[in-house]
1. Using alpha-carbon pairs under 8 Å, 6+ residues apart, how would you state the relative contact order of segment C:1-45 in percent?
2. Suppose R0 equals 56 Å; then what is the FRET efficiency for B:His254 and A:Asp43 from their Cβ-Cβ distance, rounded to the nearest 0.05?
3. Test of understanding: in a Gaussian network model of chain C with alpha carbons linked when under 10 Å, which of C:Ile49, C:Ile27, C:Ile70 would top the mean-square fluctuation ranking?
4. State, in angstrom, two size descriptors of chain B derived from its alpha carbons: Rg to one decimal place and Dmax to the nearest whole number.
5. To the nearest 20 Debye, how big is the dipole of the protein assembly as shown about its Cα centre, given +1 on the beta carbon of each Lys and Arg and -1 on that of each Asp and Glu?
6. Using θ = phi - 60° and the Karplus curve 6.51 cos²θ - 1.76 cosθ + 1.60, what whole-Hz ³J(HN,Hα) does each residue of segment C:79-87 get, with Gly and Pro shown as x?
7. Modelling each spin label as a point 7 Å along the Cα-to-Cβ direction, I'd like the A:Ala129/B:Asp110 distance in nm, to one decimal.
8. Could you list B:Lys150, A:Lys125, C:Lys14 in order of exposure, starting from the residue whose Cβ has the fewest other Cβ atoms within 10 Å?
Amino acid sequence: MELNRRKMLVLGTAGAAVTAFGALPAFASATEDAIAEFTGGADVGEGGVELTAPEIAENGNTVPIEVSAPGAVAISIFADGNPTPPVATFKFGPLAASQFASTRIRLAGTQNVIAVAEMEDGSFKQASANVKVTIGGCGG
Amino acid sequence: MTKTTVTGGRLIIAAAASAFALAAYAGPDEDELVVNEDIEMVTKTDAPDHVDAFDTIYSGWRFRSDETQALQADDFDNPAMLWVEQAAEVWNTAAGSEEKSCSSCHNDVDSMAGVKAVYPKWNEDAGEVRTLEMQINDCRENRMGAEPWKYTGGDMTNMVALLASVSRGMPVNVAIDGPAQSTWEQGKEIYYTRYGQLELSCANCHEDNYGNMIRADHLSQGQINGFPTYRLKNTKLNAVHARFKGCIRDTRAHTFSPGSPEFVALELYVASRGNGLSVEGPSVRN
Amino acid sequence: MAEGVKPRVKVPKKASAGETITIKTLISHQMESGQRKDDDGNVIPRSIINRFVVDFNGENVIDVQMEPAISTNPFFEFEATVPESGDFKFTWYDDDGSVYEETQTVTVG
């Protein structure tokens, strides 16, 4: 396929050119600091946390996300491209039927959303999702 | 193409991943809308005879992402309903020198089912085509002795959203003949007139290019069956004349004013292009 | 108190003992992030709801610390266990000191 500028723009905005546009997180260190504050600097493993977010968000003002981490006592959400990375921390009480929560968040641009769960045994697990935020257009 | 029936709740999110594989295609999808697992919405149907440009008309809902679509499938998930609830209180609250509320004459707001579907509408006594906003202010001034609301102000848009909400699922059916015809013709003229430095008519985007991308966004057919609409962009209810103003402003033109005869005519014409789609207001759009 | 703040909660009215129920909440609030500027270029001060707590008969279900990245009109969905009849109490804490409360009764039968 011949890629002229026009096609590239269309592909880029539609999010098909994922690897070509995979931007580095602009505030990586701030995010690491924020995560360290939540974990107390402990190692963070993978697995056991499910983070559901759209691959492409139609509008960064309202991005629906879901987190689930069976056996977690708390789940904290971070957005590594936002001016301030912390988004929310869910602490689950004795009457939480599951360690699941859904909410709507703001993303300042295309970036990674990271969910870090504190498990009952004191260990930490994380999952992340890259969300492309489309900006521009008339909305109709 | 995957087909998803969006009825609210978490199953939508599960369906999102597959649908996004198709995101490069900017046209209407084949999803179907059922609100509150109850109101079946017609979001795609045969174009009315007076629309020459296409055979099938689509609600703007069909052009939105699965996540945005899901927000409209359940009244609890739809943030617009916050303002509909506020308007429901206003409906029953007396105002003005006559100390009357809307309900003093119209009883329960459910009695207004079907009204939004046929507006804008010819008013014989006034000798003009009137929008719902004009009719609401006529009630306020002449029956309630109250101050009129600003045409696209919050109070007004909330009330129009309340009236739309009780007509949801009913087909848009505005009359374009008889005494309304000259206004309809005027609206059609405006629809096809190029405005602004960009020299764009409504038709250039919403007729010639619906289904294509405009920058990062999908162009719809510009149907207004979903107004007032909650936009993610400004997180509030938006009136249809405010949307018209925004569109014409985007062509870099001086716009007509909300409530002006030009916009009333345009609303009648654009509404008529959606005859047969369900009233969806208050909808959720980008 | 911030103007026009109105909570909504969606809780089943009835449940069986020990049943898992889904709860949704929405509250109208601007959630001013502190990142925006007004027309004169001055930063609009942060004004958000910073905490949301749900208890049932005095026992905790969920306790959420909220940051400015939570969208306007904050929405939450989660699952709770209902051991017996009683009241869900929902509490939102505003930066300005306001507290918004809502109660919903569930009957176990």
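All of the numbers you see were taken from the coordinates with simple rules; none came from a lab. Fair warning: this is a prediction, and the values are worked out from it, not measured in the lab. All Cβ positions, even for glycine, are placed from backbone atoms using ideal geometry, and neighbour counts span all protein chains on display.
1. Numbers: 45 pairs, mean separation 14.6, N = 45.
Relative contact order of segment C:1-45: 32 percent.
2. Details: r = 62 Å, r/R0 = 1.10.
Efficiency at R0 = 56 Å is approximately 0.35.
3. Between C:Ile49, C:Ile27, C:Ile70, it is C:Ile70 that shows the largest mean-square fluctuation.
4. Using the Cα atoms of chain B, the pair Rg, Dmax is 18.6, 59 Å.
5. Numbers: 44 positive and 74 negative charges, 223 e Å.
Dipole size: approximately 1080 debye.
6. My calculation for segment C:79-87 gives 10, 10, 9, 10, x, 7, 5, x, 10 Hz in order.
7. 3.8 nm
8. Fewest to most other Cβ atoms nearby, the residues stand as C:Lys14, B:Lys150, A:Lys125.
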